[in-house]
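S.K.: Could you have a look at this structure, given as structure tokens, before my questions?
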Amino acid sequence: MRGQRSQALVEFALVSPIFFLVMFTAIDISRLLYAYSAISSAARDGARTASLSGSTYSDCQIIQEVELVGQGFPVRMDPNSLVGNSDPNSPGGPLSPSTPPPNVGYAYIWPAVATANPPEANCDSATPRAISTSVKHVAVEVQYHFMPLLPIVSGFASNIIVKTVSVVTTE
């Protein structure tokens, strides 16, 4: 009887690290999928709000929508989301999307009407959104810097950037 208990203890000691590694990796993958789903929803709702005629002179409503739909993720405005910024689908120039710090999301509105940093405080403008007359698209990009909970995973995958861009035709 005593030998069986010792054998079970040795088996548990050998199998438990692998079991817990698989379990916590599954939890991290689930968190990653949830983060993608939440920021994708925030980008879609933000782009939809940006396409409405009521937000021609302001990014304020878009910012509120993205932060509200972010579902618990700290989403802030990208400091480069200012007037004259570049399309997130083909970024270029000094005002292109920037990488957020760990466990933070950045929202990037194109074309933006915010006039100065921080975009949240300077989100109204006297000039309308600079929408191309031929294309008539607005875009909202949300990037989230995901940090895994498992130290082993964060050791070799510490810079996981979850990014989604939603493009909508203006009305």
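S.K.: Please give the length that would be gained between GLN7 and SER90 if that part of the chain were fully extended, namely 0.36 nm times their separation in residues minus their C-alpha to C-alpha distance (nm, one decimal).
M.R.: 23.8 nm
S.K.: On to the next question. What do you get for the angle between helix 2-51 and the principal long axis of the chain? Use alpha-carbon atoms, 0 to 90 degrees, nearest ten.
M.R.: On a 0 to 90 degree scale, this one is about 10.
S.K.: What is the distance, in nm, between label points placed 7 Å from the Cα along the Cα-to-Cβ direction at GLN71 and at LEU21?
M.R.: With each label point 7 Å from Cα toward Cβ, the separation is 3.1 nm.
S.K.: On a C-alpha basis, how far is the centre of segment 8-28 from the centre of segment 60-112 in Å? Whole number, if you could?
M.R.: Cα centroid to Cα centroid, the span is 40 Å.
S.K.: Compute the helix-to-body angle for 60-69: its Cα long axis versus the longest principal axis of the chain, expressed 0 to 90° and rounded to tens.
M.R.: 20 degrees
S.K.: Net charge within 13 Å of SER41 by Cβ-Cβ distance, Lys/Arg positive one each and Asp/Glu negative one each, not counting SER41 itself?
M.R.: Net local charge, SER41 excluded: -1.
S.K.: So, one more: For the chain, what is one quarter of the convex hull surface built on the Cα atoms, given in nm²?
M.R.: The directionally averaged projection comes out at 12.1 nm².
Only the coordinates and a few stated rules stand behind these numbers; no lab work does. These numbers come from a predicted model, not from an experiment. Cβ coordinates were reconstructed from backbone atoms using ideal geometry, including for glycine residues, and neighbour counts include every protein chain displayed.
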